[in-house]
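Q: Here's a structure for you.
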Amino acid sequence: MGNNGLTIHIREMKKIYRIGKIAVPALIGVDLDIASGEFVAIMGPSGSGKSTLMNIIGALDIPTSGKYFLDDVDVGKLNDNELAIIRNKKVGFVFQTFNLLSRENVFGNVELPLIYAKERIRNKKQKILDAIESVGLTDWIRHRPNELSGGQKQRVAIARALVNNPSIILADEPTGNLDSRTGEEIIGIFQKLNKAGKTIIIVTHEMDIAEHTQRTIFLRDGVISGQEDVTEQLDAEEILKKMPRLEDKL
């Protein structure tokens, strides 16, 4: 295909769910290009197709019609096994609800994608420790989710998404359950990952979160209704310097 550095190339994508005899369109003709190393926000009201689009980009779902190329690979031609490899190796997922295993500690949760990889991984322990260190949780490595704050849980989820060194991170409302300072800290982690070369796609309802990215894509009724470059990208690190800490208020 030769898309000159495009990580994601989508054309005329449709996704129609069938409930009995009723056809429910979720996406109705999406065209989208995302370059390698971009930081993009997808915004839109509930029911606009955001989560469906994210699931298709992450190979969790397949479109009804249209083309989707990921790093020049036609995803529509892959079998279940090949799709599983994409989900495990190329894409890291971060969810609003963290999706951590309660019985596993931080180390065990971050290790999960390496277990699913079903192959012998060199330096496995070091990869896990590096991912945990990259989100600042080395001191919490033996703690279980019920011993962590919401922000710490999301950091564990990000470390888990990073452990296989994917080229793309997909984050669905990653700050939705967090207070504003903690949300800013999480966005700061994504900004650092982006500066290190990761392609990052965030679904968000919040315009101020979108303003931390490089481009905002607006989705409405299953189509892209517009997109705009962020002219003045907010810097989470700078914002955090000016935000009071909770302990300062007590």
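Q: May I ask for the Rg/Rh ratio of the range 6-249, computed from Cα atoms with Rh as the Kirkwood radius, given to two decimals?
A: Numbers: Rg = 18.1 Å, Rh = 18.7 Å.
Here the Rg-to-Rh quotient is 0.97.
Q: Please list, ordered by chain and number, the residues whose modelled amide H lies under 5 Å from the amide H of Gln233; skip anything fewer than 5 residues away on the same chain.
A: Correct list: empty.
Q: Figure the gain on full extension for Ala196 and Ser46 (residue separation times 0.36 nm, minus the Cα-Cα span) and round it to one decimal in nm.
A: On the way: separation 150, 0.36 × 150 = 54.00 nm, distance 3.18 nm.
Result: 50.8 nm gained on full extension.
Q: Given a Förster distance of 41 angstrom, what is the FRET efficiency for Glu12 paired with Ser102, based on the Cβ-Cβ distance and rounded to 0.05? Intermediate values should be presented prior to the final figure.
A: On the way: r = 42 Å, r/R0 = 1.03.
With a Förster radius of 41 Å, E is 0.45.
Q: Which GluC sites (Glu not before Pro) in the range 69-154 sit in a loop by DSSP (not H, G, I, E or B) and have at most 14 other Cβ atoms within 10 Å of their own Cβ?
A: For GluC sites (Glu not before Pro) across the range 69-154 that sit outside H, G, I, E and B with at most 14 neighbouring Cβ atoms in 10 Å, the list reads Glu119.
Q: So what's the back-of-envelope 222 nm ellipticity for the chain, counting only DSSP H runs of four-plus at -39500 (n - 2.57) apiece and dividing by all residues, rounded to 500?
A: Computed mean residue ellipticity for the chain: -9000 deg cm²/dmol.
Q: Counting Lys and Arg as +1 and Asp and Glu as -1, each charge on the Cβ, what is the dipole of the range 10-128 about the Cα centre in debye, to the nearest 20?
A: Roughly 420 debye, rounded to the nearest 20.
Q: Quick one: which residues, 5+ away or cross-chain, put their amide H under 5 Å from the amide H of Val223? H built at 1.01 Å from N.
A: Counting only residues 5 or more places away or on other chains, the set is Ile28.
Q: For the range 60-156, list log₁₀ I(q)/I(0) at each q in 0.11, 0.14, 0.16 Å⁻¹, using the Debye formula over Cα point scatterers of equal strength and ignoring solvent, two decimals each.
A: Debye output, listed in q order: -0.42, -0.64, -0.78.
Q: Modelled label-to-label distance, Gln227 and Ile62, 7 Å Cα→beta-carbon offset: nm?
A: Reported label-point gap for Gln227 and Ile62 is 2.5 nm.
Q: Computed FRET efficiency, Cβ-Cβ of His205 and Asp130, R0 51 Å: what is it to the nearest 0.05?
A: 0.95
Q: For the range 17-104, go through all pairs of different Cα atoms, get the mean of 1/r, take its inverse, and jot down that Kirkwood value in Å.
A: One over the average 1/r among Cα pairs gives 15.1 Å for the range 17-104.
Q: So, one more: Which loop trypsin sites (Lys or Arg not before Pro) in the range 1-78, with loop taken from DSSP, have no more than 11 other Cβ atoms within 10 angstrom of their Cβ? Write down the numbers at each step before the final one.
A: Numbers: sites: Arg11, Lys14, Lys15, Arg18, Lys21, Lys50, Lys67, Lys77; in loops: Lys21.
Here the trypsin sites (Lys or Arg not before Pro) that fit, given the DSSP loop and packing criteria, are Lys21.
Q: For q = 0.21, 0.22 Å⁻¹, what log10 I(q)/I(0) does the range 161-208 give under the Debye formula with an equal point scatterer on each alpha carbon and no solvent?
A: Ignoring solvent entirely, the Cα scatterers give -0.74, -0.80.
We did not get these values from a lab; they are worked out from the coordinates using the rules stated. Please read these numbers as outputs of a predicted model, since none were measured by experiment. We place every Cβ from the backbone using ideal geometry, glycine too, and count neighbours over all the protein chains shown.
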